[in-house]
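J.: Take a look at the following structure, please.
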Amino acid sequence: MSDRKLPIADGAQVRRTTAALFRRHRGALTRVAVLHTLAAVAGLAGPFLLGRIVDEVVAGTTVAQVDQLVLVGLAAVLVQAVVVRFAQRVSMIFGEEVFADLREEFMDTVTRLPLSTVESAGTGDLVARTTNDVNKLQHAIRFGIPRVLVCVVTITLTLVAAFLAAPLVALGLLVGVPIVVVATRWYLARATPGYLRESAAYATLNGTITETVEGARTVDALHLGGRLRRRIDSDLREAFAAEDYTLRLRMRLIPSIDAAVALAPIVVLLWGGWLVSQGHATVGTVTTVAAFGFQMGGPVFDLVFWLDELQVAAVSLARVIGVGLVSPDREAGTAVPADEHVVGRGVRYAYREGHDVLHGIDLDLRVGERLAVVGPSGAGKSTLGRMLAGIHPPTGGSVTVGGVPLVELPLEDLRRHVALVTQEHHVFVGTLAENLRLADVDATDDALVAALDAVDARGWVESLPDGLATEVGSGGHALSPAQAQQVALARLVLLDPHTLVLDEATSLLDPRAARHLERSLNAVLEGRTVVAIAHRLHTAHDADRVAVVDGGRISEIGPHDELVAAGGDYARLWHSWQQE
C-alpha cells in the first residue's frame, strides 16, 4: 500500500479552472443572474408596500387605498413566483451543463494517466477522487453555485433597497457586519486545510480497506489480520479527528452568523424607534427596513451554509484538478516504425530509485515467434512484459519496435503494435457488444461474433438472454471470472496488434479450459509475435523459444527441448511441474 499521493491543485489553479468553466458557460450564467435579479426585485415589493400601508394608515387612508396596495403586493408575489420557477429551471440546467463539462474533462484526464503513476499512488487516492470528490462537486455545482448567486443578489438588492427607502434607519442593518467579517475570516483561514486533511484521511482509509479486501487471501495466509486491523483503526481515528475538526469549525461559524442576522432587525427597531421619536423617520419606513432585515435572514443563512459547502467543493475541485497535473511518463515523437521487429536492449526498471527489478535484459523477439517467459514468483516476468508492451518506460536501456522506442509512439499507435492482456480484467457497465467495441468502435456484430468464436466464447454468449445486447457489469448479467477473461481476450482479437504480451492471461480458467482456450487461440495468434508469461508450463512446451527469468535477468533462453536437455533452471522447473 503506497503512501504516495496524486498532486493537489493550488488556489490559483482552482480559480483559473473555475473561471474557464464559467467563461465557457457565461451565456447560461448570465441568464441565471438576470432571472434571479428580477425575482429578487419582485421580492422587495413586499416590505416596501408594508411600510407604505403603515404610513397610509397612520395618516388616515381609505380602505380602497389599502386594498389597492395589497393587490399590488399580491401581483408582485405572483410575478416573483413565476420568475423564480423559470430561474430555478435555468439554474439547474446551468449546473448540469457545468458539471457534465467538468466530469467529461476529468474522465478524459483519468483515462490518460500513466499507469506507473496510478500504481504508485495506490487505489485509495484515485478512487476517492473519482467517487467522493466528484460527488461533492456535483452537489455544489448543481445546487450550490446557483444558490450562492441567488443569495448574493438578494442580499445586495435588499441592502440597496433599504438604504434607498431610509438611509438613516438602514444603518442598523450593518451592525452585524463586523461579526460576519470576523467569523468568516476566521473560518476561511482554517477551512481549506481542514477539508484537505479530511479528504486525505478518507482516501487513505478507502485505500487501506480496498486493498485489504482485495488481498484477503494473502492476509489470511501470512496472518496479517491483526496488523491490518490496527492500521484500519488508526486510519479511522484520523478520519474521525479530521471530521471532528471541520465540524467544530462549522459549530463556531454558524452560531456567529445567526447572532449577526438576528441582531440586525432588533437594532433597526430600537434605532428606528429613536429616529421616529426625533422626527427623522416614519413608522412606515422603520417597518420597511425591519422587514428587509428579517427578509435577509434566510439568504444570509443560506449563503453561510453554501459557503461551507463550497469550501468542501473547492477542496474536492483542487483534488480533481490535481489529477490533471500528473506529469506524463513519455513524450510522443514523429518517427514511424520501419517494421514489426521488437527488440529490448539493456532494459532496466526500478519501482523505487536505486532498487532495480530488471538488470540490463537484452531480448530480440523474432517476428512471428512464440516466446514463453517462465520463472519463479517475483523474478520480474510481469515487469518485463510491461516493458515489452510499452506500459512503463524503462529506467535504463530501451525497447523498440521497428527501430522506434515504444514510449515515443503515440498511445493509439502503440496499441496497434503491441498489446498487453493480464489476469486482471474488468467488465464495464453496458451491453456485451459495447464492452467488446472498446477495442474497435466500428466493429460489426459479425466481427464481434468472430472474435468471441476465436476465444471459444461464442457458445455461452449466444445462450445469454439477449446475446450481444445483454447488459453486463454492475447490476447486469454476472459473468464468471473465466467469461470475463474471455471477453478481454476477444477485445485483443478485435484490437489486432502484431505483437501480443499475455501475462498469465488464462490463469483464471481451470487447466482444462485454459488449455482448450489456448488451442483455440492458436489460429488467431498465427503470424503474430507472442510473448506468453506463464505459470503453466504447457505454454512453454508449445512455444518456439522459452526465456527463463530469475532475479531480474534472463538466465536461459532457447527451444523447450534444448533447455530440458541442458539440465539447467528450466529443466528443473519442467520436471517439477510434471511431477505436480
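The values are calculated or read from the model by the stated rules, or taken from the named source; none is laboratory data. Being a predicted model, the structure only gives us computed values, none of them experimental. Note that we place each Cβ from the backbone using ideal geometry, even for glycine, and neighbour counts take in every protein chain shown.
Listed here are the residues, each with its yes/no results for (1) aliphatic (A, V, I, L, M); (2) buried (at least 16 other Cβ atoms within 10 Å of the Cβ); (3) without any contact (Cβ under 8 Å) to a residue 60 or more places away in the chain.
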residue	(1), (2), (3)
M92	yes, no, yes
D101	no, no, no
L126	yes, yes, no
N135	no, no, yes
G144	no, yes, no
T156	no, no, yes
V169	yes, yes, no
G176	no, yes, no
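J.: If a residue must be farther than 16 Å from Q311 by Cβ and among the small types (G, A, S), how many such residues does the stretch 128-161 contain?
T.: The qualifying residues number 2.
J.: Does G207 meet the test of being touching a Leu at 6+ places or on another chain (Cβ under 6 Å) and modelled with pLDDT under 85?
T.: Working: touching a Leu at 6+ places or on another chain (Cβ under 6 Å): no; modelled with pLDDT under 85: yes.
Here the answer is no, as G207 does not meet what is asked.
J.: While we're here: Working only within the stretch 259-277, note down all residues that are surrounded by fewer than 16 Cβ atoms within 10 Å (Cβ to Cβ) and either under 27 Å from G194 (Cβ atoms) or acidic (D, E) (or both).
T.: Result: A259, A262.
J.: May I ask you to list the residues in the stretch 542-555 that are under 23 Å from V455 (Cα atoms) and either surrounded by fewer than 16 Cβ atoms within 10 Å (Cβ to Cβ) or modelled with pLDDT of 90 or more (or both)?
T.: D544
Condition check ((1) within 28 Å of V342 (Cα to Cα); (2) touching a Pro at 6+ places or on another chain (Cβ under 8 Å)) across all residues:
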| position | (1), (2) |
| --- | --- |
| A389 | yes, no |
| V404 | yes, yes |
| P410 | yes, no |
| D413 | yes, no |
| V421 | yes, no |
| T431 | no, no |
| N435 | no, no |
| L438 | yes, no |
| D445 | no, no |
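J.: To continue, here is another question. Since S91 meets every condition but one in (1) touching a His at 6+ places or on another chain (Cβ under 8 Å); (2) among the hydroxyl-bearing types (S, T, Y); (3) within 30 Å of A332 (Cβ to Cβ), which condition does it not meet?
T.: Evaluating S91 over (1) touching a His at 6+ places or on another chain (Cβ under 8 Å); (2) among the hydroxyl-bearing types (S, T, Y); (3) within 30 Å of A332 (Cβ to Cβ) leaves (3) as the failure.
J.: Answer yes or no as to whether V461 is under 18 Å from V530 (Cα atoms), among the β-branched types (V, I, T) and more than 26 Å from the chain's Cα centre (by Cα).
T.: Judged against the criteria, V461 is not a match.
J.: If the requirement is being more than 25 Å from V150 (Cα to Cα) and not β-branched (V, I, T), which of these qualifies: S256, S277?
T.: Details: S256 fails: more than 25 Å from V150 (Cα to Cα).
Answer to the check: S277.
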